[in-house]
Amino acid sequence: MNTCSRRAFLVGTAAGLSAAAGGGLLALGAATQDKLADMAIARWKGEGTPAGKELAKVATELTEKAIAGLGGLGRFVSKGSVVWVKPNIGWDRTPETAANCNPDVVATVVRLCFDAGAKKVKVGDNPCDIPTQSYAASGIAAAVRPLGAEVVMLDRSRFRETAIRGERVKTIPMYPEILDCDVVINIAVAKHHRLANATLCMKNFMGVMENRRTFHQDIGTCVADLTRFMKPRIAILDAVRVLMANGPKGGNLADVALKTTVAAGVDLVALDALGAEILGRKPTDVPTIVKGQEMGLGTMDYRKLALKEIAVA
């Protein structure tokens, strides 16, 4: 496994990167911060309630606008790079249930990676349900394959114990192919979670590892440990449809709300704080957000960041 070289790559290519004001994760240095946003939020402001093909177009445009507001994927994806797109594909559920990421959001990110010059884009998660069924039901595999993405079913025999040297988690089995990619783009659907209160961008990194029960002992600290190790440079919050209750698997359409919002950012604590608010929760009531800020991984006061808010109609 080439984990150390990947870390060296991120450090070497991120010259000039530093924590954002308020502690944001690997945001750009002060001179560049004045020109580029730390976070961009695209919200649908059109008339009526989009559904079907219209909702697919809305999700695509929201994703495009949020990423463009952040400066485009060329800010993060270099020509010839290998990118791992890590959406939430945890459950054998259809897109309407909001248990997984919206397939149009994921497909748009994949397309924009190739547009930015990526040599290869891999898409994969470590589902809780049977992977083949989860990938099919989510609609994500079918949405990204025609674009040229490699859909990866994570082989559980390949996970390797990895030292992350966290406050609580010292080592954990992780998938080496993800760690060896040049860029990991985290795409998380906003939804309720019985244990964590909400599952958002930080917690979505649990799909790169095994032995999740270890995290259930102290979900806030463990997720923050993993996030710090992954050194994320960008994440996407999918709030096109959100699961308001009975998460993380859901299944009852009465628990789903249409929020038609997509956000992109460099500070995962801030993105998660926005997601908590969209779910009708206080960021301070979500232990992963609280611990992430405490560790200096970002700020839950996202309105203090260089923020762009974009109305899409």
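May I ask for the net charge around residue 204, where only other residues with Cβ less than 14 Å from the Cβ of residue 204 are counted and Lys, Arg are +1 while Asp, Glu are -1?
Residues close to residue 204 contribute a combined charge of +1.
Report, for the chain, the % of DSSP beta bridges that are antiparallel, rounded to 5.
Antiparallel: roughly 50 percent of the beta bridges in the chain.
Full extension from residue 68 to residue 130: what is 0.36 nm times the residue separation minus their Cα-Cα distance, to one decimal in nm?
18.8 nm
How much of the accessible area of the chain, in percent, comes from carbon and sulfur atoms when a 1.4 Å probe is used?
Here carbon and sulfur together make up 50 percent of the probe-accessible area.
Of 307, 171, 251, whose Cα points farthest to the positive end of the dipole of the chain (charges on the beta-carbon: +1 Lys, Arg; -1 Asp, Glu; origin at the Cα centre)?
Farthest towards the positive end: 171.
Looking at the chain, do any whole DSSP H helices span at least 24 angstrom along their long axis by alpha carbon and average -0.5 or above on Kyte-Doolittle, and which?
52-69
Apply the a/c threshold of 1.5 to the C-alpha gyration tensor of the range 144-262 and tell me whether it is rounded, prolate or oblate.
oblate
Could you work out the helix-only [θ] at 222 nm for the chain, with each DSSP H run of four or more residues adding -39,500 (n - 2.57) and the total divided by the number of residues, to the nearest 500 deg cm²/dmol?
Taken over the chain, the calculation gives -9000 deg cm²/dmol.
Using the Cα atoms as the points, what is the convex hull volume per residue of the range 87-147 in Å³?
Dividing the Cα hull volume of the range 87-147 by its residues yields 67 Å³.
Restricting to Cα pairs below 8 Å that are 6+ residues apart, what does the relative contact order work out to for the chain? Please round to a whole percent.
Computed over the chain, the figure is 26 percent.
Separation between the residue 258 and residue 213 pseudo-spin-labels, each 7 Å from Cα along Cα→Cβ, expressed in nm?
4.2
Scattering from the C-alpha atoms of the chain alone, worked out with Debye: what is log10 I(q)/I(0) at q = 0.08, 0.14 1/Å?
For the chain at q = 0.08, 0.14 Å⁻¹, log10 I(q)/I(0) is -0.30, -1.01.
Using only alpha carbon pairs under 8 Å that are at least six residues apart, calculate the relative contact order of the range 53-137 and give it in whole percent.
Relative contact order here is 39 percent.
How large is ³J(HN,Hα) for each residue in the range 299-307, as worked out from phi by the Karplus curve 6.51 cos²θ - 1.76 cosθ + 1.60 (θ = phi - 60°), to whole Hz, x for Gly and Pro?
10, 7, 8, 5, 5, 8, 7, 6, 10
Calculate the dipole size of the chain relative to its Cα centre from +1 charges on Lys and Arg beta carbons and -1 charges on Asp and Glu beta carbons; express the result in debye to the nearest 20.
Rounded to the nearest 20 debye, it is 360 debye.
Assuming 0.36 nm per residue, please report the length gained on full extension of the stretch residue 245 to residue 277 beyond their Cα-Cα distance.
Once the chain is fully extended between residue 245 and residue 277, it gains 10.1 nm.
Taking a probe of 1.4 Å, how large is the accessible area per residue of the chain, in Å²?
39
Considering only the other residues whose Cβ falls under 10 Å of the Cβ of residue 288, what net charge follows from Lys and Arg at +1 and Asp and Glu at -1?
+1
The values are calculated or read from the model by the stated rules, or taken from the named source; none is laboratory data. It should be emphasised that the depicted structure is a prediction, and the values quoted were computed from it without experimental measurement. Ideal geometry is used to build each Cβ from the backbone, glycine not excepted, and the neighbour counts take in all protein chains shown. Calculation scope for accessible area: heavy atoms of the full protein, side chains included, ligands and nucleic acids excluded. Shrake-Rupley method; radii C 1.70, N 1.55, O 1.52, S 1.80 Å.
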